[in-house]
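Notes for the one structure printed next.
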Amino acid sequence: MDLKDYIRSIQDYPKKGILFRDITTLIKNEKAFTETINQIIEKSKKFKFDKIAAIESRGFVFASAVSYLLKKPFIMLRKKNKLPAETHSVDFELEYGTATIEVHKDSINKNDSVLVIDDLIATGGTAEAAAKLVEISGGKVAAFIFVINLFDLNGSKNLIKKKYEVENLMEFPGH
C-alpha cells in the first residue's frame, strides 16, 4: 500500500503560498490508517524508549494508537494554556508564525527515554521545541517519527545535525 495515495494536497492553506499536506484522507480510510500505525510501530522497534509523546494536535491521532498497542505511557505536548497543572513551556517559530507548546512537569521523569511522534515535519521548529520540552523535563529524546517529511524544508536534516534520530513514513516537497 502506498500511503502517499491517501494524502490530499491543498494549495494556499492555511495561508497563501503554503501547500498543505492533509492527513484526514489517510485517517478516514481504515486500511491506510492501520498500515500507518503498523509502519510507525515497525520503525519504533529500532529504539529503546519508556514513553511516547506527541505534538498537538494531529500527532495525537497517531501516537495514541501506537501508545495503546505498545502499552507505553502517552504524553501530550500541548498548545499554551491547554494543560491544567504546572507546566514547562517552550516558544518557537513556525513557517507561518510563532507558537508555544507545554508539557506537564510531572509527565516526564529524569532519564525517561521518549519517542516523539507527529504527523509532519516541515522546518523543524515544532519538533525542536518538543525536544526542548523533553530535555528540560529531565528526559531524553529516543527518536522522532513523522508520518510525512517535507524534505526540501530541511526540518529532518536540522534534527539530524543536532544528533537526533529521525524516521518518517513518506516524503513530499514542501512547495
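Before moving on, here are some points about what is shown:
- Over 19 Å apart at the Cα level, from the set Lys105/Lys132; Lys48/Lys72; Lys71/Lys157, are Lys71/Lys157.
- Pairs from the list Lys82/Lys161; Lys16/Lys163; Lys43/Lys140 with a Cα-Cα gap above 27 Å: Lys82/Lys161; Lys16/Lys163.
- Karplus-derived HN-Hα couplings along the stretch 157-162 (A = 6.51, B = -1.76, C = 1.60, θ = phi - 60°), whole Hz, x at Gly and Pro: 4, 5, 5, 5, 4, 8
- Cα-based radius of gyration of the stretch 62-175 once divided by 2.2 N^0.38 Å, which approximates compact folds: 1.03
- Helical runs assigned H by DSSP (4 residues or longer) give the chain a calculated mean residue ellipticity at 222 nm of -8500 deg cm²/dmol, each run adding -39500 (n - 2.57) before division by the residue total.
- Local electrostatic count at Phe172 - Lys and Arg +1, Asp and Glu -1, tallied over other residues with Cβ under 10 Å: 0
- Cβ-derived FRET efficiency at R0 41 Å, Asn81 paired with Lys16, nearest 0.05: 0.90
No value in this document is a laboratory result; all are computed from the given coordinates. Computed from a predicted model, the values in this text were never measured in an experiment. Cβ coordinates were reconstructed from backbone atoms using ideal geometry, including for glycine residues, and neighbour counts include every protein chain displayed.
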